[in-house]
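What follows is a set of notes on a single structure, which appears directly below.
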Amino acid sequence: MKIRVGYELIYDLPQVTPMIVMLGIHYSRASDVVVPDHLITNPAVPISTYRDGFGNWCSRLVAPAGQFRLSADGTVRDSGVPDVVAPSAPQQPIEELPAETIVFLLGSRYCETDRLSEAAWSLFGNAPSGWGRVQAICDFVHNHIQFGYEYARATKTAWEAYNERRGVCRDYAHLAVAFCRCMNIPARYCTGYLGDIGMPPPYGPMDFAGWFEAYLGGRWYTFDPRNNMPRIGRVLIARGRDAADVPITHTFGPNTLVSFKVRTDEVKRSTGGCTSSCMNCMARSLASHCRPI
């Protein structure tokens, strides 16, 4: 199948403002790109790119004062197969983990392993190791947190989500990531597009999505505690320790996000039209994220 993805973000900027934008389809999907999702700005400004410490592509620009628009419209080819489920995937001993996974065992800005360790071992210490333990974590988080966009807060941590029991999919992912790390399972935060392909209506409004990946049996597997079921058409944008590493924009100055639109549509073969939509949660609060915390 083919999936059309894209966005439009409009800012009001009271002054000239440097920005870092992380909104392009992840390089791991490069061979699937049918129509590139090139970043377009209005007014047009020079854009330079670099790859960050986690391998994500980032775009640097300086936005002029006034109204400033970021947009893209691309198409990606997808297998149409749901997320992989591998119940036999084992948990590896820490001493056998590849060095590059160790950073995803440690606490981070939004995933306080020190504060959640006691709760994690109490809740999941007797769960089956490997896939079964990660799934037990997802089941708990899915049932523990009440979803609602009104609960979104850019500063909310896993510890706060655990205690408040309310949040958006970024909070589900942060809490599950923190619990996995407490149980010595490497886990990394992911952001991207996730539509409602294969799901019955009604569909929510569109936004970006947050999920996570856990390292089991020598590879990374996708888990989604917010939806807690295999989904079709997940399109990765970026990965990191938590949302602090992968906000859609860093804006180095005051700004107001006045308009926000995201599309994730399956392209119908028969008519060339589109159907289905997607939405995640923290894009609005992170879209105007200022200096990295």
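Quick rundown of the values:
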| item | result |
| --- | --- |
| Inter-site label distance for Arg165 and Lys261 at 7 Å from Cα along Cβ, in nm | 4.0 |
| Additional length obtainable on full extension of the chain from Ala99 to Arg69, 0.36 nm per residue less Cα span | 6.8 nm |
| Neighbour net charge for Ala161 - beta-carbon separation under 11 angstrom, K R +1, D E -1 | +1 |
| Per-peptide average of other Cβ atoms within 10 Å, ordering 128-136, 238-246, 92-100, 65-73 highest first | 238-246, 128-136, 65-73, 92-100 |
| Charge dipole of the chain about the Cα centre (unit charges at C-beta), most positive-ward option of Ala244, Asn56, Gly132 | Asn56 |
| Cα gyration tensor shape for region 192-277, rounded if a/c is under 1.5, else prolate or oblate | oblate |
| Computed lengthening from Thr155 to Val81, 0.36 nm per intervening residue step minus Cα-Cα distance | 23.2 nm |
| Ordering of 194-203, 81-90 by packing [mean C-beta count within 10 Å, highest first] | 194-203, 81-90 |
| Value in Å of the Kirkwood radius, where region 74-146 supplies the Cα pairs that are averaged | 15.0 |
| Whichever lysines have a C-alpha closer than 30 Å to that of Lys156, once near sequence neighbours (fewer than 8 apart) are set aside | Lys261 |
| Residue-averaged [θ]222 nm for the chain, counting only DSSP H segments that reach four residues, each worth -39500 (n - 2.57) | -5500 deg cm²/dmol |
| Local net charge near Val35, Cβ-Cβ under 15 Å (Lys/Arg +1, Asp/Glu -1) | -1 |
| Chain lengthening between Phe147 and Arg219 when straightened (0.36 nm per residue, less Cα-Cα) | 23.0 nm |
| Carbon + sulfur, % of accessible area of region 158-219 - ligands and nucleic acids excluded, 1.4 Å | 49 |
| Whole-Hz ³J(HN,Hα) from phi, Karplus 6.51 cos²θ - 1.76 cosθ + 1.60, for region 74-88, glycine and proline x | x, 9, 10, 7, 9, 5, x, 8, x, 3, 5, 10, 9, x, 8 |
| Amide H contacts of Arg166 (H built 1.01 Å from N, under 5 Å, at least 5 apart or other chain) | Gln146 |
| Peptide ranges 15-28, 171-184 listed from the most packed, as the mean C-beta count within 10 angstrom indicates | 171-184, 15-28 |
| Total formal charge among the other residues, if their Cβ is under 11 angstrom from that of Val103, Lys/Arg +1 and Asp/Glu -1 | +1 |
| Sequence-distant lysines (8 or more away, or on other chains) whose Cα lies within less than 16 Å of Lys2 | Lys268 |
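The values are calculated or read from the model by the stated rules, or taken from the named source; none is laboratory data. Only a predicted model underlies this, so the values are computations on that prediction, with no experimental measurement involved. Backbone-built Cβ (ideal geometry, glycine too); neighbour counts: all protein chains shown. SASA here: full protein model, heavy atoms, side chains in, ligands and nucleic acids out. Shrake-Rupley method; radii C 1.70, N 1.55, O 1.52, S 1.80 Å.
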